[in-house]
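Computed from the coordinates by the stated procedures, all read-outs in this text should not be read as laboratory data. Predicted model only: the values in this text are computed from it and were never measured. Positions of Cβ are generated from backbone atoms using ideal geometry, with glycine treated the same way; all protein chains shown enter the neighbour counts.
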């Protein structure tokens, strides 16, 4: 991928964003409210490959997960809910999204933390807002983030922008991020690649980490 030092495992963390049932599974809130969530399933091989390779390289893996709705509505402001009422087809308002204790908040399929891997819980699209993510990264002397997950133009891009503003180098594997709208997905990738990140194929990251793509993706057991 050019300068392979950019994703040196000693200074890089894999950040997996919002791979949760409500966003990715057909029976999750987004799927049940009419969103075609199949793009999230299509990127599973890319995410799995990166996850397996990061674990093999013994580098930090950070799962970023959303908790939005709650019985006492402790997280969602009126500004957030007003936008939800205008545009989001009942989600967050009458349809709780990623509420603690529900199946929807759980991780999607096998994309879930292993022993010792960190979970950062967020309550906004940007994984840095009111979380410990920056502290966790700086405590480990991380300089580069490889960011995967959903959705490309919302939580992934919001996180990548904030990371860039905090002087982290960002790499976004195009086959390991997904959006429900292909046009928005493509536009977001172009925007990130121009201003905030290097957009590559996951195979280039795996090569830089010294892992063959077939080995990382193929043998799931």
First in the range 16-45 and at negative phi and in contact (Cβ under 8 Å) with a residue 24 or more places away in the chain, second anywhere and surrounded by fewer than 18 Cβ atoms within 10 Å (Cβ to Cβ) and part of a loop (DSSP other than H, G, I, E, B), Cβ under 7 Å, 6 or more apart: 20/106; 21/106; 33/89; 33/90; 37/26; 44/109
Condition met for residue 28 (over 14 Å from the mean Cα position of the chain (by Cα), crowded, with 24+ Cβ neighbours inside 10 Å and more than 26 Å from residue 134 (Cβ to Cβ)): yes
Filter result for residue 84 (part of a helix (DSSP H, G or I) and in contact (Cβ under 8 Å) with a residue 24 or more places away in the chain): no
Count of the range 150-167 residues which are crowded, with 24+ Cβ neighbours inside 10 Å and within 16 Å of residue 6 (Cα to Cα): 2
Positions within the range 21-44 being closer than 14 Å to residue 181 by Cβ and in a loop (DSSP other than H, G, I, E, B), in sequence order: 34, 35, 36, 37
Total residues in the range 85-104, condition touching a helix residue (DSSP H, G or I) at 6+ places or on another chain (Cβ under 7 Å) and within 11 Å of residue 21 (Cβ to Cβ): 4
Residue within the range 58-78 that is farther than 30 Å from residue 10 by Cα, over 16 Å from the mean Cα position of the chain (by Cα) and not in a loop (DSSP other than H, G, I, E, B) present: yes
Among residues of the range 56-74, those that are free of Cβ contacts under 8 Å to residues at least 60 places away in the same chain and closer than 24 Å to residue 94 by Cα, counted: 9
